[in-house]
Amino acid sequence: MAKYGMLIDETRCTGCRGCQVACKQWNDLPGEETHNTGSYTNPPHLSAQTWNLIEYKEIDRGGQVGFFFLKRACMHCEHPACVSVCPVGALRKTPEGPVVYDDHKCIGCRYCMAACPFGIPKFDWQKGLLEGALIRKCTFCADRLSNGLIPACAKTCPSKAITFGERDQLIVEAENRIRKNPDKYVNHVYGKEEAGGTSILYLSAVPFEQLGLPKLGPAPVTTLSEQVMEYTLPFAGVWLATLAGLAAVFKFRERGAKQPEIGPAADDPHNKEASK
Amino acid sequence: MIKTATLARYRVPPGVLMLGALVVIGVLVALVRYLFGIGAISNLNDAYPWGLWISFDLLCGVATAAGAFITASAVYIFRMERFRPILRPAILTGFLGYLMVIVALLVDLGRPERIWHLIIYWNPHSVLFEVGWCVMLYTTVLALEFSPMLFERLGWKMPLEFLHRITIVLVLLGTLLSTLHQSSLGSMFMAMPTKVNPLWFSQFLPLYFFLTAAAVGPAMVIVESYISSRVFWRGLEVDLLGELSKAIPILLGIYLLLKVFDITLAGEWGFAFQGGMSILFWVEILLGVVAPIVLFSMPSVRSDGKRMLVAALLVVFFGVVLNRFNVSLIGWPRPANLSMYLPNWMEFAITIGIWSAGIVAYGLVAKFLPLFAADHVVTPAKAVVTPEILQRSRFLVFPEAAWLQGLAAIAEQVNFDDNQLIFRQGEPARSLYVLLEGSVKLYSKDKEGKEVHTGTINAGEPFGISALIEPYILTASARTAAPCRALKIDGKALRDLTKENPALGQALAQRTAQAALTRMHWARAWRESM
Ligand code: SF4
Ligand code: SF4
């Protein structure tokens, strides 16, 4: 089965927000009432209503300040932290690439939000029991993919900044672009290896940290916690046996305990006073 | 029957009314949350998905409930019978603590009505999956460990006997589950290497959480015993607590060494001298770890209730509460263009409401159930008095296990308030008493019929010895000079026992004679000094 991905070439992005709107349209997401925050990024953050956001960065490059863009949405990690930590398995990595969420399983613990190194999952903070709060994030248009359509954002992008395709081929394509235009790009395909690799890949003209993407090693962030979980059962077995053994030893020792001497001891107050 | 009668006489003190009001406020705020969402009552947001409730109610709540498994394993696994008097309060605190954690989670979870999904949907990679299961199972274990108090009160023998038989299984399970999830609360944060501050992030996080929880367990028992000794007018088990607290420097010492080793190995000492978080780091280490290690190593601290309280509070607040906040909240990087999260008043109202409910529940249990060892008056004697308890008095130390069992079978524990008349001179001597705790004064009428103080009974000594001496008439009255706990042995049963077992009778008679002689000496000395 093909494993899909998207290559986002930020040097081609014009900041038109077409993808942001297309995402809202396809997923039936309401607009957000916003106010001026002093930045063109609008709304200011991803949220339960905004799953795909163009962030505007004014970056100083050797005396010249320029606008750079970051299309921020779920990375659809190869080893997703959100999937690893969800206690009820509400999040799932599909073989085609999307990391999808089951509305009916989630208990709303928000561990996925805390664990995602990209800060992607968002929560319905204003929904009570009746409306039923959920975690919301980009779905990689899994519903479109399964019907042979490409994601709405990729379909819309007028400047061809978003390329949909098989992840392996996209990596080749991205490295080709860098090779052909080494001056235009930072020599790095973000997402090829970050946190175990992601389905979404980025190319950029400025260092990725300046764009606002975190610096991450090649190991999935949940490596340690998954290891601990693997050791848990064996540890529990050994520990229970140890405790039971200790209990048996102490019980045995008590049975054969040395008997206290007969009669009140020397420090018995009665004794002392009586012998006065 | 007794219960309704006691209830009717029970007047609600103003402190309880205030706590009740705080509970009501909490419930109202929770109602707003259920109607309009978590955002309506908290400053939690997409950048700070976890706040006060996770850092305090969950992490600190579970850690401070560790006293239950520490005490239970001391008594049942390591057979340290002497800790039994503090076992029930520790188990109650643990049980209530976990219930409080669950209530807090029912507010904090986005979909509280689905909490049972933890049972049917499994993700064995998730640390929270393990925490969820452990909390569910351990709360059940604690409920079972707590339930004998209820059954004793109701006088239901069947479940009592059953629970008595499975106690060791419960304690083993409880200790296992506690070890697992105390540590896994730390493992939860190992999934966030980019968020937890490097001074706190470590592959030893589970061990750190376990060690600090194991240390705060005894510390909480100290705090709680101190408070309840004030509120319920009972003695403070200073010797027991002092003994229990010996574990604290050991646990915290291992923790400290490991931490120093770990930070050195990772080459992260640079982070400890940068201001900001590093200041909190030093506050935590010096006040919450080093100071308690020093204090609890000093016998002068371990033998003084107040000093132990201070040292214990250091462990609780700086060693654990501050630590959990540093790991789970304060140490996290602040997201760009967002201010630091601070809980708003309604978040506090939830937390305070839950704690108030917990305190009220503790008070109710203390009032109506046999919580403190001395309250076991209503219990069938067999279930309560063990040979170990008898041997806490020199008067009843015998090498023959059979003698002890015979005595234990007819003994019961009783408690008395301060200045309470236990028996009156001239009455038939129905029971022999052995004082376990507190102090009792004896009075006899002189020639003019005036009551004079003729002796003082200290812990470990027998009184009411007329029950062993013909014609079994009390020669003095006894009145408590402090809240007391005593063993009460039915005189008739005792005489029957000694008939069957003359050797025991002889030994007892000898000790009784000795005690009587002492008292005569005492009385004469007292008269002569007048
Ligand atoms: S970016 Fe975050 S939410 Fe998306 S798959 Fe990765 S861990 Fe999950
Ligand atoms: S909030 Fe929902 S999706 Fe996220 S980790 Fe918790 S249960 Fe899973």
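Numbers at a glance
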quantity	calculated
Principal axis dimensions, segment B:12-375 - Cα atoms, whole angstrom, descending	62, 52, 43
For a label point 7 Å along the Cα-to-beta-carbon line of A:Val172, residues of segment A:113-155 with backbone N under 18 Å	none
Number of partner chain Cβ atoms within 10 Å, mean per residue of A:214-224	3
Estimated [θ] at 222 nm from DSSP helical runs (n ≥ 4, -39500 (n - 2.57)) normalised by residues in chain B, nearest 500	-17500 deg cm²/dmol
Percent of C-alpha pairs per 5 Å bin, segment B:105-150, short to long	5, 18, 22, 24, 15, 9, 6, 1
Å² per residue, accessible surface of segment B:68-127 at 1.4 Å	34 Å²
Under 19 Å from the Cα of A:Lys192 - aspartates and glutamates, other chains or at least 8 residues apart	A:Asp9, A:Glu10, A:Glu78, A:Glu96, A:Glu166, A:Asp168, A:Glu173, A:Glu175, A:Glu209
Loop-resident sites, segment A:1-105, for GluC sites (Glu not before Pro), counting at most 13 other Cβ within 10 Å (DSSP)	A:Glu33
D (Stokes-Einstein, µm²/s), Kirkwood Cα radius, chain A, 1.567 mPa s at 4 °C	58 µm²/s
Unit charges at the beta carbon, dipole of chain A: most positive-side option, A:His188, A:Ile59, A:Ala81	A:His188
Inter-label distance for A:Glu230 and B:Phe261, nm, one decimal - labels placed 7 Å from Cα along Cα-to-Cβ	2.3 nm
Within chain B: Cβ-based charge dipole about Cα centre, in debye rounded to nearest 20 (Lys, Arg +1; Asp, Glu -1)	1100 debye
Two-site label geometry, A:Ala241 and B:Leu28: point separation in nm, points 7 Å out along Cα→Cβ	5.8 nm
Debye equation applied to the C-alpha atoms of segment B:382-461, log10 I(q)/I(0) at 0.13, 0.21, 0.23 Å⁻¹	-0.50, -1.04, -1.16
Cα lying deepest toward the dipole's positive end in segment A:99-238, options A:Val238, A:Val221, A:Asn147, charges on Cβ	A:Asn147
Estimated FRET transfer efficiency when R0 is 56 angstrom, pair B:Glu161-B:Arg334 (beta carbons, to 0.05)	0.45
Evaluated over the protein assembly as shown, the Cα radius of gyration and Dmax, each in Å	33.7, 120
Simple spin-label estimate for B:Gln506 and B:Leu421 in nanometres, 7 Å along Cα-Cβ	4.1 nm
Amide H within-cut-off set for A:Gly97, under 5 Å, with H built and near neighbours excluded	A:Tyr4
Across A:Lys251/B:Lys157; A:Lys93/A:Lys137; A:Lys160/A:Lys215; A:Lys93/A:Lys155, pairs whose alpha-carbon gap is larger than 19 Å	A:Lys251/B:Lys157; A:Lys160/A:Lys215; A:Lys93/A:Lys155
Sparsely packed trypsin sites (Lys or Arg not before Pro) within segment A:146-224, loop by DSSP, other Cβ within 10 Å at most 12	A:Lys160, A:Lys215
Estimated FRET transfer efficiency (B:Glu448, B:Leu17; beta-carbon r; R0 51 Å; 0.05)	0.50
Rounded percent of accessible protein surface that carbon and sulfur make up, segment B:12-375, 1.4 Å probe	76 percent
Three semi-axes of the equivalent ellipsoid, segment B:128-195, Cα gyration tensor, whole Å, largest first	34, 10, 7
Listed residue (A:Pro207, A:Ala48, A:Cys106) projecting farthest to the positive dipole end of chain A, Cβ model	A:Pro207
About the Cα centre, charge dipole magnitude for segment B:387-529 (Lys/Arg +1, Asp/Glu -1 at Cβ), debye	340 debye
Shielding of B:206-214 by partner chains, average beta-carbon count, 10 Å	1
Simple Cβ-charge dipole of segment B:189-322, Lys/Arg +1 and Asp/Glu -1, about Cα centre, in debye nearest 20	180 debye
Nearest-0.05 FRET efficiency for B:Arg495 and A:Glu254, computed from C-beta distance (R0 22 Å)	0.10
Peptide-level mean, for A:78-85, of C-beta atoms on other protein chains within 10 Å	3
Segment B:230-290: trypsin sites (Lys or Arg not before Pro) in DSSP coil with no more than 14 other Cβ atoms inside 10 Å	B:Lys246
Extension gain, A:Asn187 back to A:Glu96 (0.36 nm per residue minus Cα-Cα distance, nm)	30.0 nm
Quotient of C-alpha Rg and 2.2 N^0.38 Å, computed over segment A:153-213	1.10
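The values are calculated or read from the model by the stated rules, or taken from the named source; none is laboratory data. If you're wondering where the values come from, they're calculated on a predicted model, not measured in any experiment. All Cβ positions, even for glycine, are placed from backbone atoms using ideal geometry, and neighbour counts span all protein chains on display. Note: areas computed on protein heavy atoms with side chains; ligands, DNA, RNA excluded. Shrake-Rupley method; radii C 1.70, N 1.55, O 1.52, S 1.80 Å.
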